[in-house]
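Here is the structure we will look at, set down as C-alpha cells.
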Amino acid sequence: MRKFSLLFIILILCGAVLLAGCTQQPPGPPQTTTPAPTPVPDTVRVASNPQYGSILVDSGGKTLYYFTKDTPGNGLSACYNQCVVIWPVFRAEPLRVSPPLSAADFGEITRATGEKQTTFKGWPLYYYQGDAAPGETKGYGLNQAWYLLSPTGIMTPAPTTSATPLPTTVATTVPTTQPTTVRTTSYSSSSY
C-alpha cells in the first residue's frame with residue numbers, strides 16, 4: 001500500500017506540473033514602439049513675404065505666380081513655347097494643403113501639350129526660372145503680366161511696402177484751354 005500511495009502522490013505531482021505548464025500563456029511577440037509617421041509637407045502652402053504679404057509657395061518655399069493673359073476657370077493656359085521655358089508650369093501631384101488653404105480651391109488643367117498644370121481659384125500656376133532660392137519674387141510684375149496670389153485668391157498687383165516701383169505705362173495730361181496732348185510711355189513690349 002505504501003507503493004500505491006507513493007505512486008499516487010507521484011501521479012498527482014506530475015499532473016499538477018503538467019496542468020501548471022498548460023495554463024501559462026506562451027510568450028508573445030516582443031513589444032516594439034512604432035515611430036510616429038513622418039508628416040508629409042503640403043504641396044502648396046502660404047508664406048509670409050515682407051514686400052507682398054501672404055503669398056502661395058510650393059512645399060520647398062518657391063514662389064508661385066499667375067499670368068494675367070490666362071483666363072481663370074476656362075481650363076486653358078496662354079503660356080507656351082519660350083514662355084514656358086521662362087515660366088515653368090506648376091503641378092502638385094498629389095495635392096496636399098492645410099488651412100488657410102482649401103483643396104476645393106485647387107484644380108488641374110490639361111495643357112495643349114498633354115501636360116497637367118495645377119490651378120488655384122481657376123488660375124494656372126507657374127514658377128519663374130529667375131527665382132533661384134525659396135521666397136524669391138523676382139518674377140513679380142514682369143511685363144506687367146506676372147503676379148502673385150494670396151491665400152484668399154486676391155491678386156497682388158502692388159507691393160504692401162514701399163519698394164522700388166516697376167516700370168509702368170504712364171499717361172500725362174496738361175490742363176489748358178488748348179487741346180490736351182496725351183503722351184504714353186511703355187517700358188516693355190514682350191508678351192511674357
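Give me the net charge of Tyr147's neighbourhood, meaning all other residues with Cβ under 14 Å from the Cβ of Tyr147; Lys, Arg count +1, Asp, Glu -1.
+1
Taking only the alpha-carbon atoms of region 44-156, what semi-axes of the equivalent ellipsoid follow from 5 times the gyration tensor eigenvalues under a square root, in whole Å, largest first?
19, 17, 13
Would any residue of region 82-110 have its amide N under 20 Å from a label point 7 Å out along Cα→Cβ of Thr152? List them or say none.
Residues 98-106 fall inside that zone.
Residues with amide H under 5 Å of Ala92's amide H, sequence separation 5 or more or different chain, H placed in the peptide plane at 1.01 Å from N; which?
Thr118
Under the Karplus relation 6.51 cos²θ - 1.76 cosθ + 1.60, θ = phi - 60°, what is the ordered set of whole-Hz ³J(HN,Hα) values for region 87-100, x standing for Gly and Pro?
So the Karplus estimates, Gly and Pro as x, are 10, x, 6, 9, 9, 9, 9, x, 7, 9, 9, 10, x, x Hz.
If amide H atoms are built 1.01 Å from N in the plane of the peptide, which residues on other chains or at least 5 residues away come under 5 Å of the amide H of Trp123?
Distant-sequence amide H within range of Trp123: Gly73.
Using modelled backbone amide H atoms (1.01 Å from N, in-plane), which distant-in-sequence or interchain residues come within less than 5 Å of Ser54's amide H?
Hits under the 5 Å cutoff: Asn49.
Along region 139-151, what does the Karplus equation 6.51 cos²θ - 1.76 cosθ + 1.60 (θ = phi - 60°) give for ³J(HN,Hα), rounded to whole Hz, x for Gly and Pro?
These are the phi-based 3J(HN,Hα) values: x, 4, x, 4, 6, 6, 9, 10, 9, 9, 10, 8, x Hz.
Taking K and R as +1 and D and E as -1, what net charge do the other residues with C-beta under 11 Å from the C-beta of Leu76 add up to?
Around Leu76, the surrounding residues sum to +1.
Starting from the Cα-Cα distance between Glu108 and Thr34, subtract it from 0.36 nm times their residue separation and give me the gain in nm to one decimal.
Gain on extension, Glu108 to Thr34, equals 23.0 nm.
We did not get these values from a lab; they are worked out from the coordinates using the rules stated. As the structure is a computational prediction, the values presented were derived from the model and not from experiment. No Cβ is skipped: glycine too gets one built from the backbone with ideal geometry, and neighbour counts run over all protein chains shown.
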